[in-house]
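Trainee: Submitted below is the structure of interest, expressed as structure tokens.
The values are calculated or read from the model by the stated rules, or taken from the named source; none is laboratory data. Predicted, not measured: the structure shown is a model, and the values here were computed from it. Every residue, glycine among them, receives a Cβ derived from its backbone with ideal geometry; neighbour counts consider all protein chains shown. Surface accessibility is based on the protein's heavy atoms, side chains included, excluding ligands, DNA and RNA. Shrake-Rupley method; radii C 1.70, N 1.55, O 1.52, S 1.80 Å.
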Amino acid sequence: MSTEHEGTPVTPEAPAHRAPSTPAAPTDAPEPAAVPGGAPTAQPPLPAAPPAAPAYASYPPPQPPAAQPVGAPEGPPFAAPVAPSPVSEQWPPPAVPAYTAAGGGGWGSSYPAPEAGTPGKPPGRRRGGLVAAVAAAALLAGALGGGLGYQAAKNNDDSSNSTTVAASDGPSELKREPGTVAAVAATALPSVVTIDAKGGDGEGGTGTGFIYDRQGHILTNNHVVASAADNGEVSATFSNGRKYAAEVIGRAQGYDVAVLKLKNAPGDLKPLPLGNSDKVAVGDSTIAIGAPFGLSNTVTTGIVSAKDRPVASSDGGNSKASYMSALQTDASINPGNSGGPLLDARGAVIGVNSAIQSAGSGMGGAGQAGSIGLGFAIPINQATNVAQTLIKTGQPVYAVIGASVSLEENGDGATITQEGAGGSDSVTPGGPADKAGLQAGDVITQLNDTVIDSGPTLIGEIWTHQPGDTVKITYERDNKERTVDLVLGERKGDSS
């Protein structure tokens with residue numbers, strides 16, 4: 001199966017995202033105060049009118065603020081400039097609260113019509129005094145009514161007429177039990193970093209890595225840092241915003257594994273616990289952490305969809321392919337998740353997210369590929385073996401059988417070619433395959449208990465072993481099936 005790496009390309013000048021500002025809290029305005037009116041007349045008495053409501057009776061209790069949209073945190077300064085989307089670029093502006101005061105008269109009450117002036121006194125002075133008195137009375141009545149109205153509403157909020165149900169605890173009081181996704185994420189996020197790698201020309205990409213040990217080593221994918229391996233710059237940013245320069249101390253292109261080391265590493269590093277990928281079962285819960293499309297500290301969940309999935313992946317450029325016998329997961333993995341941890345339900349690392357299977361030529365048929373629920377991770381047992389070798393020697397070591405095989409995925413097995421690279425022998429003289437009696441034209445169909453359907457599958461399966469391991473090879477020659485034991489040899493470096 002061929003897949004694509006999912007590192008996020010970036011340009012030298014990436015825009016920074018900005019979170020929406022919080023709207024100012026509005027001031028509640030009291031409702032109009034009713035002004036009782038009416039005067040006795042000389043007419044015969046009329047039936048008594050119902051008494052006017054007190055001026056303070058209609059003042060509503062203060063309402064809680066309407067819910068506001070929550071903005072996402074700003075991405076790292078090196079976040080990838082991707083096409084605008086509702087998630088990464090077009091943050092919604094703050095909604096106008098439903099309780100914002102409208103225009104118009106503040107108290108809503110109408111003043112009496114002006115009265116005729118009295119000889120010797122300007123009518124305006126009397127009217128002004130009346131207006132001031134009414135306004136003062138309305139203000140006093142409104143303040144008193146607001147307090148009484150709020151108290152009445154508070155006393156009746158549990159009445160039988162209520163149709164709402166209050167939560168027993170506020171969000172700050174909720175407890176995240178061990179083993180929940182929230183608890184695992186809270187523990188793991190401080191040990192996951194967003195990696196920015198730039199080559200000498202300023203081009204590069206964004207990926208993810210995680211703390212491997214207390215000495216400051218970070219485990220990630222080779223394709224995340226390959227552009228900066230020679231005369232480039234690499235930095236790692238933690239979830240709390242701390243950013244450190246880093247250097248590439250070793251990388252294995254065939255395994256797609258690389259190890260970085262922080263410069264001036266802090267003393268409070270907490271390595272992620274490493275699980276046992278051999279013990280993983282299909283259906284186990286998974287949690288992926290990374291920076292998809294530059295969105296750092298993103299957490300997604302899923303399950304282990306399959307094990308030992310043969311995967312040959314590349315970045316679509318001129319680089320050689322990487323091979324793995326991968327853990328498959330449906331946890332959402334996108335460009336930028338590369339190198340990040342795939343965790344189990346306990347928070348232990350079971351894999352290094354590395355590749356995705358995309359539909360066609362990307363999302364919607366164009367542009368960069370995105371998740372369709374088929375993600376692949378390098379099993380952590382293999383990644384750990386490679387990392388330890390890179391830390392000790394700076395170069396990878398590969399297990400080999402000493403024979404060239406066809407990379408065509410025909411489903412019939414791995415065929416030993418008639419000629420090796422550059423016209424060399426397809427079976428290395430004196431090598432493991434030669435000692436086991438294998439010849440050009442033989443079709444390898446099984447390695448131990450694993451069915452081999454192609455050359456990439458054979459390579460990926462061989463690389464799950466160590467040089468010196470003995471494996472059982474089943475092959476076909478002249479339509480006859482044969483089995484032989486073979487001791488794996490070794491190859492150092494990525495030059496051949």
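Trainee: When Lys and Arg each count +1 and Asp and Glu each count -1, what net charge do the other residues less than 12 Å away from ALA188, Cβ to Cβ, add up to?
Mentor: Values: positive: LYS270, ARG346; negative: ASP344.
Net local charge, ALA188 excluded: +1.
Trainee: Using Cα-Cα distances under 8 Å and only pairs 6 or more residues apart, what relative contact order does the range 282-337 have, in percent? It would help to have the intermediate numbers written out before the result.
Mentor: Details: 111 pairs, mean separation 22.6, N = 56.
Once normalised by length, the contact order is 40 percent.
Trainee: Per the Kirkwood treatment, what hydrodynamic radius in Å, one decimal, follows for the range 373-496 from the mean inverse distance over all distinct Cα pairs? Present the calculation step by step, with values, prior to reporting the outcome.
Mentor: Working: mean 1/r = 0.0659 Å⁻¹.
Taking the inverse mean of 1/r over all distinct Cα pairs, the range 373-496 comes out at 15.2 Å.
Trainee: For the range 352-496, what does the relative contact order come out to in percent, with C-alpha contacts under 8 Å and a separation of six or more?
Mentor: Working: 268 pairs, mean separation 31.9, N = 145.
This gives 22 percent for the range 352-496.
Trainee: With Cβ to Cβ distances under 12 Å as the rule, what net charge do the other residues near ARG346 carry (K, R +1; D, E -1)? Provide the component values of the computation, followed by the final result.
Mentor: Numbers: positive: LYS279; negative: ASP284, ASP344.
My count for the surroundings of ARG346 gives -1.
Trainee: To continue, here is another question. Which FRET efficiency value, to the nearest 0.05, is calculated for ARG491 and ALA186 with the Förster distance at 45 angstrom and r the Cβ-Cβ distance? Before the final figure, lay out the partial values.
Mentor: Details: r = 43 Å, r/R0 = 0.94.
Here the calculated transfer efficiency is 0.60.
Trainee: Let me ask something else. Based on the mean of other Cβ atoms within 10 Å per residue, sort peptides 382-389, 322-329 so the most packed one is first.
Mentor: Details: 382-389: 21.5, 322-329: 26.8.
Top to bottom by mean Cβ count within 10 Å: 322-329, 382-389.
Trainee: So, for the range 337-446, what is the accessible surface per residue at a probe of 1.4 Å, expressed in square angstrom? Intermediate results must be reported in sequence, preceding the final value.
Mentor: Working: 4380 Å² over 110 residues.
I get 40 Å² per residue for the range 337-446.
Trainee: Related question: Separation between the ASP201 and ASN448 pseudo-spin-labels, each 7 Å from Cα along Cα→Cβ, expressed in nm?
Mentor: Label-label distance for ASP201 and ASN448, simple model: 4.3 nm.
Trainee: Which value in nm describes the separation of the simple spin-label points at GLN215 and LYS472, placed 7 Å from the Cα toward the beta carbon?
Mentor: Rounded to a tenth, the inter-label distance reads 3.9 nm.
Trainee: Ok, one more. What value in Å³ per residue do you get for the convex hull of the alpha-carbon atoms in the range 411-469? Kindly include the intermediate steps, with their values, before the conclusion.
Mentor: Numbers: hull volume 5.7 nm³, N = 59.
Output value, Cα hull per residue: 96 Å³.
Trainee: Oh, and also: Just subtract the alpha-carbon distance of ARG176 and ILE303 from 0.36 nm times their residue separation and send over the number in nm, one decimal.
Mentor: Values: separation 127, 0.36 × 127 = 45.72 nm, distance 2.07 nm.
Result for the pair: 43.7 nm of gain on full extension.
Trainee: So between ASN264 and GLU247, what do we pick up on full extension, going 0.36 nm a residue minus the alpha carbon distance? Let's see the in-between values first.
Mentor: Values: separation 17, 0.36 × 17 = 6.12 nm, distance 1.11 nm.
Length gained between ASN264 and GLU247: 5.0 nm.
Trainee: At 7 Å along Cα-to-Cβ for each site, give me the label-to-label distance between LYS392 and ALA281 in nm.
Mentor: Those two pseudo-labels are separated by 3.4 nm.
Trainee: Here's a follow-up. So if we plug the beta-carbon distance of GLU409 and ALA440 into 1/(1 + (r/R0)^6) with R0 = 22 Å, what FRET efficiency do we get, rounded to 0.05? List each step's numbers first, then the result.
Mentor: Values: r = 20 Å, r/R0 = 0.90.
E(calc), rounded to 0.05, equals 0.65.
Trainee: With the alpha-carbon atoms as the only input, what is the per residue convex hull volume for the range 198-301 in Å³?
Mentor: Values: hull volume 13.2 nm³, N = 104.
Output value, Cα hull per residue: 127 Å³.
Trainee: Want the number for GLN418 to ASP230: 0.36 nm per residue separation, take away the alpha-carbon distance, what's left?
Mentor: Length gained, GLN418 through ASP230: 64.0 nm.
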